[in-house]
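Encoded as C-alpha coordinates, the structure appears first; notes follow it.
The values are calculated or read from the model by the stated rules, or taken from the named source; none is laboratory data. Here the structure is a predicted model, which is why all the values come from computation and not from measurement. As a convention, Cβ positions derive from the backbone with ideal geometry for all residues, glycine included, and neighbour counts pool all protein chains shown. Side chains are part of the model used for accessible areas, which takes the heavy atoms of the whole protein and leaves out ligands, DNA and RNA. Shrake-Rupley method; radii C 1.70, N 1.55, O 1.52, S 1.80 Å.
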Amino acid sequence: EALSVLNGANAAALERPDGEWEILQFEAATLQSGGEYALGPLIRGQSGTDGLPAVTIPAGARFVLLDGAAQQIPLQLSARDLERHYRVGPASVDYTDPSYVSAVRAFQGVGLRPYAPAHLRAERNAGGDIVADWVRRSRVGGDSWQGVDPPLGEEFERYEVQVLQGATVLRTESVDAPAFTYSAADQALDGAAVPFTLSVRQVSADFGPGHASEVIIND
(Lines give C-alpha, C1' and ligand atoms only; values in the text may rest on other atoms or scores of the structure.)
Protein backbone atom coordinates (compact mmCIF):
# COMPACT_ATOMS: atom_id res chain seq x y z
CA GLU A 1 0.00 0.00 0.00
CA ALA A 2 1.03 3.63 -0.40
CA LEU A 3 1.93 4.13 3.28
CA SER A 4 4.32 1.15 3.19
CA VAL A 5 6.02 2.58 0.10
CA LEU A 6 6.47 5.92 1.85
CA ASN A 7 8.08 3.97 4.71
CA GLY A 8 10.62 2.44 2.31
CA ALA A 9 8.93 -0.74 1.01
CA ASN A 10 9.20 -2.13 -2.53
CA ALA A 11 12.54 -0.57 -3.44
CA ALA A 12 14.49 -1.64 -6.50
CA ALA A 13 17.58 -0.62 -8.47
CA LEU A 14 17.37 -0.08 -12.22
CA GLU A 15 20.53 0.11 -14.36
CA ARG A 16 20.82 3.13 -16.65
CA PRO A 17 22.64 3.26 -20.00
CA ASP A 18 25.38 5.43 -18.42
CA GLY A 19 26.21 2.69 -15.89
CA GLU A 20 24.56 4.43 -12.95
CA TRP A 21 21.75 2.77 -11.00
CA GLU A 22 18.50 4.57 -10.24
CA ILE A 23 16.60 3.63 -7.08
CA LEU A 24 12.83 3.51 -7.42
CA GLN A 25 9.84 2.25 -5.46
CA PHE A 26 6.56 0.77 -6.62
CA GLU A 27 3.22 0.40 -4.91
CA ALA A 28 2.06 -2.83 -6.59
CA ALA A 29 3.34 -5.58 -8.90
CA THR A 30 0.60 -6.96 -11.16
CA LEU A 31 1.20 -10.22 -13.02
CA GLN A 32 0.68 -9.91 -16.78
CA SER A 33 0.38 -12.50 -19.51
CA GLY A 34 3.68 -14.09 -20.42
CA GLY A 35 4.92 -14.06 -16.83
CA GLU A 36 5.80 -10.34 -16.78
CA TYR A 37 4.88 -7.89 -14.03
CA ALA A 38 3.60 -4.34 -14.36
CA LEU A 39 4.92 -2.13 -11.55
CA GLY A 40 3.22 1.02 -10.39
CA PRO A 41 2.56 3.64 -9.35
CA LEU A 42 6.29 4.44 -9.24
CA ILE A 43 8.36 6.83 -7.17
CA ARG A 44 11.60 7.43 -9.08
CA GLY A 45 14.90 9.01 -8.09
CA GLN A 46 14.98 7.65 -4.55
CA SER A 47 17.96 7.46 -2.16
CA GLY A 48 19.67 10.46 -3.74
CA THR A 49 19.44 9.25 -7.34
CA ASP A 50 17.19 12.21 -8.16
CA GLY A 51 20.44 14.05 -8.91
CA LEU A 52 21.20 11.86 -11.93
CA PRO A 53 20.56 13.47 -15.33
CA ALA A 54 17.37 12.40 -17.05
CA VAL A 55 17.86 9.57 -19.54
CA THR A 56 15.63 7.07 -21.33
CA ILE A 57 16.07 3.61 -19.81
CA PRO A 58 15.69 1.01 -22.55
CA ALA A 59 13.73 -2.23 -22.37
CA GLY A 60 15.81 -5.08 -21.00
CA ALA A 61 17.70 -2.97 -18.44
CA ARG A 62 18.83 -4.90 -15.39
CA PHE A 63 16.47 -4.68 -12.42
CA VAL A 64 17.38 -5.71 -8.85
CA LEU A 65 14.76 -5.95 -6.12
CA LEU A 66 16.23 -4.50 -2.93
CA ASP A 67 14.60 -6.96 -0.55
CA GLY A 68 17.68 -7.60 1.58
CA ALA A 69 18.88 -10.62 -0.39
CA ALA A 70 21.58 -8.57 -2.15
CA GLN A 71 24.17 -7.53 0.41
CA GLN A 72 26.71 -4.74 0.12
CA ILE A 73 30.34 -5.80 -0.27
CA PRO A 74 32.39 -4.37 2.62
CA LEU A 75 35.18 -2.17 1.25
CA GLN A 76 37.55 0.28 2.86
CA LEU A 77 37.58 3.86 1.57
CA SER A 78 41.06 3.22 0.17
CA ALA A 79 39.56 0.56 -2.14
CA ARG A 80 37.26 2.99 -3.97
CA ASP A 81 37.78 2.93 -7.76
CA LEU A 82 40.34 0.12 -7.52
CA GLU A 83 39.71 -2.93 -9.69
CA ARG A 84 39.26 -6.18 -7.82
CA HIS A 85 38.73 -9.75 -8.99
CA TYR A 86 35.59 -11.54 -7.81
CA ARG A 87 34.33 -15.13 -8.06
CA VAL A 88 30.56 -15.38 -7.75
CA GLY A 89 28.50 -18.52 -7.28
CA PRO A 90 26.43 -20.60 -4.83
CA ALA A 91 27.77 -20.81 -1.29
CA SER A 92 26.92 -24.53 -1.15
CA VAL A 93 29.82 -25.48 -3.48
CA ASP A 94 33.52 -24.65 -3.74
CA TYR A 95 34.55 -21.57 -5.74
CA THR A 96 36.30 -23.85 -8.26
CA ASP A 97 32.90 -25.29 -9.29
CA PRO A 98 31.92 -24.54 -12.94
CA SER A 99 28.83 -22.69 -11.70
CA TYR A 100 31.07 -19.86 -10.48
CA VAL A 101 31.78 -16.89 -12.77
CA SER A 102 34.63 -14.39 -12.60
CA ALA A 103 34.34 -10.61 -12.81
CA VAL A 104 36.63 -7.61 -12.42
CA ARG A 105 34.88 -4.64 -10.86
CA ALA A 106 35.78 -1.24 -9.41
CA PHE A 107 33.26 0.54 -7.19
CA GLN A 108 32.92 4.29 -6.65
CA GLY A 109 31.21 4.06 -3.29
CA VAL A 110 28.18 6.05 -4.46
CA GLY A 111 26.48 5.30 -1.15
CA LEU A 112 28.74 8.04 0.23
CA ARG A 113 27.86 10.59 -2.47
CA PRO A 114 26.08 13.65 -1.01
CA TYR A 115 22.54 14.30 -2.14
CA ALA A 116 21.79 17.31 -4.31
CA PRO A 117 20.92 20.35 -2.14
CA ALA A 118 17.22 21.21 -1.95
CA HIS A 119 15.25 24.42 -2.50
CA LEU A 120 18.02 26.26 -4.33
CA ARG A 121 16.90 29.80 -5.10
CA ALA A 122 18.67 32.90 -6.35
CA GLU A 123 17.59 36.53 -6.67
CA ARG A 124 19.26 39.69 -7.91
CA ASN A 125 19.26 42.49 -5.34
CA ALA A 126 19.10 46.23 -5.96
CA GLY A 127 22.88 46.42 -6.30
CA GLY A 128 22.98 43.76 -9.00
CA ASP A 129 24.37 40.98 -6.78
CA ILE A 130 22.97 37.46 -7.15
CA VAL A 131 22.08 36.18 -3.68
CA ALA A 132 21.52 32.41 -3.46
CA ASP A 133 20.63 30.03 -0.66
CA TRP A 134 19.56 26.41 -0.32
CA VAL A 135 18.79 23.65 2.21
CA ARG A 136 21.22 20.79 2.71
CA ARG A 137 20.14 17.17 2.64
CA SER A 138 21.60 14.30 4.65
CA ARG A 139 22.12 10.56 4.31
CA VAL A 140 22.28 10.31 8.12
CA GLY A 141 19.11 10.95 10.12
CA GLY A 142 17.61 13.17 7.45
CA ASP A 143 14.08 11.70 7.65
CA SER A 144 13.15 13.28 10.96
CA TRP A 145 10.73 16.22 10.98
CA GLN A 146 11.68 17.23 14.53
CA GLY A 147 14.68 19.43 13.80
CA VAL A 148 14.96 22.78 12.06
CA ASP A 149 17.59 21.54 9.56
CA PRO A 150 18.69 18.05 8.51
CA PRO A 151 21.74 16.82 10.45
CA LEU A 152 25.03 17.44 8.68
CA GLY A 153 26.06 13.79 8.32
CA GLU A 154 29.54 14.81 7.11
CA GLU A 155 32.89 15.63 8.68
CA PHE A 156 32.41 19.30 7.71
CA GLU A 157 29.88 21.49 5.91
CA ARG A 158 31.15 22.60 2.52
CA TYR A 159 29.68 23.32 -0.89
CA GLU A 160 31.17 23.74 -4.34
CA VAL A 161 29.46 26.56 -6.22
CA GLN A 162 30.01 26.97 -9.95
CA VAL A 163 28.87 29.62 -12.41
CA LEU A 164 28.42 28.21 -15.91
CA GLN A 165 27.86 29.95 -19.21
CA GLY A 166 26.61 27.07 -21.27
CA ALA A 167 29.27 24.36 -20.84
CA THR A 168 31.96 26.88 -19.83
CA VAL A 169 32.79 27.21 -16.13
CA LEU A 170 33.22 30.91 -15.37
CA ARG A 171 33.86 30.61 -11.65
CA THR A 172 34.22 27.95 -8.92
CA GLU A 173 33.89 28.89 -5.26
CA SER A 174 33.93 26.93 -2.00
CA VAL A 175 31.57 28.03 0.78
CA ASP A 176 31.02 26.67 4.28
CA ALA A 177 27.35 27.63 4.67
CA PRO A 178 24.24 27.08 2.52
CA ALA A 179 24.42 30.54 0.95
CA PHE A 180 26.42 32.31 -1.77
CA THR A 181 26.57 35.85 -3.14
CA TYR A 182 27.74 36.40 -6.69
CA SER A 183 28.60 40.07 -6.65
CA ALA A 184 27.96 42.42 -9.55
CA ALA A 185 31.72 43.10 -9.65
CA ASP A 186 32.51 39.37 -9.98
CA GLN A 187 29.85 39.00 -12.67
CA ALA A 188 31.51 41.77 -14.67
CA LEU A 189 34.95 40.24 -14.07
CA ASP A 190 33.76 36.83 -15.28
CA GLY A 191 31.86 38.26 -18.23
CA ALA A 192 28.69 36.49 -17.08
CA ALA A 193 25.78 37.31 -19.39
CA VAL A 194 22.23 36.12 -18.79
CA PRO A 195 21.15 33.44 -19.03
CA PHE A 196 23.79 31.65 -16.97
CA THR A 197 23.59 28.77 -14.51
CA LEU A 198 24.40 28.60 -10.81
CA SER A 199 25.32 25.03 -9.74
CA VAL A 200 25.70 23.86 -6.12
CA ARG A 201 27.13 20.57 -4.86
CA GLN A 202 27.70 19.46 -1.28
CA VAL A 203 31.23 18.18 -0.70
CA SER A 204 32.05 15.06 1.33
CA ALA A 205 35.48 14.37 2.83
CA ASP A 206 35.04 10.71 1.87
CA PHE A 207 33.52 11.08 -1.61
CA GLY A 208 34.10 14.60 -2.88
CA PRO A 209 31.40 16.70 -4.61
CA GLY A 210 27.97 15.12 -4.83
CA HIS A 211 25.05 15.65 -7.17
CA ALA A 212 24.34 19.23 -8.26
CA SER A 213 21.29 21.42 -7.91
CA GLU A 214 21.08 24.15 -10.54
CA VAL A 215 19.19 27.36 -11.11
CA ILE A 216 19.21 29.46 -14.28
CA ILE A 217 19.68 33.21 -13.87
CA ASN A 218 17.61 34.94 -16.53
CA ASP A 219 17.67 38.57 -15.44
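Things worth noting here:
- The 1.4 Å probe gives accessible areas that order TRP21, TRP134, largest first, as TRP21, TRP134.
- Solvent-accessible surface (1.4 Å probe) assigned to TYR86 amounts to roughly 50 Å².
- Point-charge dipole on Cβ atoms (K/R +1, D/E -1) for the chain, about Cα centre, debye to 20: 300 debye
- Approximate spin-label separation ILE43-GLN71, in nm, with each point projected 7 Å along Cα-to-Cβ: 2.8 nm
- At an R0 of 22 angstrom, the distance between the Cβ atoms of ALA179 and ALA126 translates into a FRET efficiency of 0.75.
- In Å², nearest 10: area of ASP190 left accessible to a 1.4 Å probe: 40 Å²
- Among GLY89, GLY48, GLY68, the residue with the largest mean-square fluctuation in a Gaussian network model of the chain, with springs joining Cα atoms closer than 10 Å, is GLY89.
- Model label points for ASP50 and ALA106, set 7 angstrom from Cα along the Cα-to-Cβ axis, are 3.2 nm apart.
- Vicinal HN-Hα couplings computed from phi for the stretch 206-219 (Karplus, 6.51 cos²θ - 1.76 cosθ + 1.60; Hz; Gly/Pro x): 8, 10, x, x, x, 5, 9, 9, 9, 9, 9, 8, 9, 8
- When you count the other C-beta atoms within 10 angstrom of each residue and take the mean per peptide, 106-113, 36-43 line up highest first as 106-113, 36-43.
- Using the 1.4 Å probe convention, the accessible area of the chain works out to 63 Å² per residue with neighbouring protein chains retained.
- Area of ASP81 that stays accessible when all protein chains are in place (1.4 Å probe, Å², to 10): 90 Å²
- Label-point gap, in nm, between LEU189 and ASP97 - each point 7 angstrom along Cα→Cβ: 6.6 nm
- Contour excess over end-to-end distance, with Cα ends at VAL215 and LEU6 and 0.36 nm allotted per residue: 72.4 nm
- The ALA61 and HIS119 beta-carbon pair, evaluated with R₀ = 35 Å, returns a calculated FRET efficiency of approximately 0.65.
- Whole-percent carbon and sulfur share, accessible surface of the chain, 1.4 Å: 52 percent
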